[in-house]
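Input: a single structure, listed below in structure tokens.
Readers should treat all values here as calculations from the given coordinates under stated rules, not as data from a laboratory. Source: prediction; values computed, not measured. We place every Cβ from the backbone using ideal geometry, glycine too, and count neighbours over all the protein chains shown.
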């Protein structure tokens with residue numbers, strides 16, 4: 001679970017971003033003390049910062065510069081001031097990416113996931129997820145269940161990782177396709193269906209029939225124990 005600090009003084013935008021990124025399995029904190037953002041940064045120790053430019057007391061450029069004095073954590077600016085001068089200024093201050101307001105939350109999530117992938121090596125250290133007696137090793141793309149080790153394709157891994165990260169909650173088909181789209185040139189409805197069917201067959205052969213359940217009209221779920 002990645003920790004994201006949202007430094008945005010518009011409460012509506014901050015809450016929407018926090019809710020959406022939380023649905024992706026991230027732990028999100030919205031800054032409240034704009035007079036001392038570094039205090040919140042140091043206390044939360046985020047792995048990514050979403051930073052507005054126009055803030056009370058000091059602007060986002062100032063805080064990005066302060067962050068860069070102590071950390072290489074990725075910083076993405078979210079701002080309506082999206083002219084070339086502000087984008088160049090943001091990058092010069094140490095930002096890693098920039099998205100202009102108003103933005104689509106799914107596009108923001110895709111950019112955040114891409115930035116996290118570039119910033120942190122998913123293969124080290126090995127990460128594991130557990131649900132219903134199964135253990136997923138995301139570093140090597142294998143699932144262990146009932147003493148059997150299942151080799152997963154890249155798409156199967158992305159699907160199962162997403163479902164296990166959010167086990168107990170329904171994950172929509174659109175969200176799964178977005179997760180796959182981040183690593184493939186094109187993913188459509190049929191591609192997702194084929195991959196889910198193959199994944200279910202592997203699980204069934206290992207004695208885990210019903211591990212992934214369909215919620216008609218909603219998506220898929222790996223239920224809690």
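Quote to one decimal, in nm, the extra length available between residue 12 and residue 85 on full extension: 0.36 nm per residue of separation minus the C-alpha distance between them.
Gain on extension, residue 12 to residue 85, equals 23.6 nm.
For the stretch 29-161, place one equal point scatterer on every Cα, skip the solvent, and apply the Debye formula. What is log10 of I(q)/I(0) at q = 0.10, 0.15, 0.17, 0.19 Å⁻¹? The Debye formula, applied to the Cα set alone, gives -0.45, -0.81, -0.92, -1.05. The length gained by stretching the chain between residue 213 and residue 38 to full extension, at 0.36 nm per residue less their Cα-Cα distance, is 58.6 nm. Label separation (residue 189 vs residue 201): 2.2 nm, computed from points 7 Å beyond Cα along the C-beta direction.
Taking a spot 7 Å from the Cα of residue 169 along the direction of its beta carbon, which residues of the stretch 1-23 have an amide N less than 17 Å from it? Output list for this probe position: 1-6, 15-23. Only Cα pairs under 8 Å and 6+ residues apart enter the sum, and on that basis the relative contact order of the stretch 127-225 stands at 29 percent.
Temperature 10 °C, viscosity 1.306 mPa s: under these conditions the Stokes-Einstein estimate for the stretch 89-175, based on its Kirkwood radius over C-alpha pairs, is 104 µm² per second. Label-to-label distance for residue 68 and residue 107 is 2.5 nm, based on points extended 7 Å past Cα in the beta-carbon direction.
Measuring nothing but how far apart in sequence close Cα pairs (under 8 Å, 6+ apart) lie, relative to its length, the chain scores a relative contact order of 13 percent. Ellipsoid fit via the Cα gyration tensor, the chain: semi-axes of 36, 17, 15 Å, each the root of five times an eigenvalue, largest first. Available extension along the chain between residue 132 and residue 57 is 22.1 nm, counting 0.36 nm per residue and deducting the alpha carbon span. Between 0 and 90 degrees, the angle of helix 105-119 with respect to the longest Cα principal axis of the chain falls at about 90 degrees.
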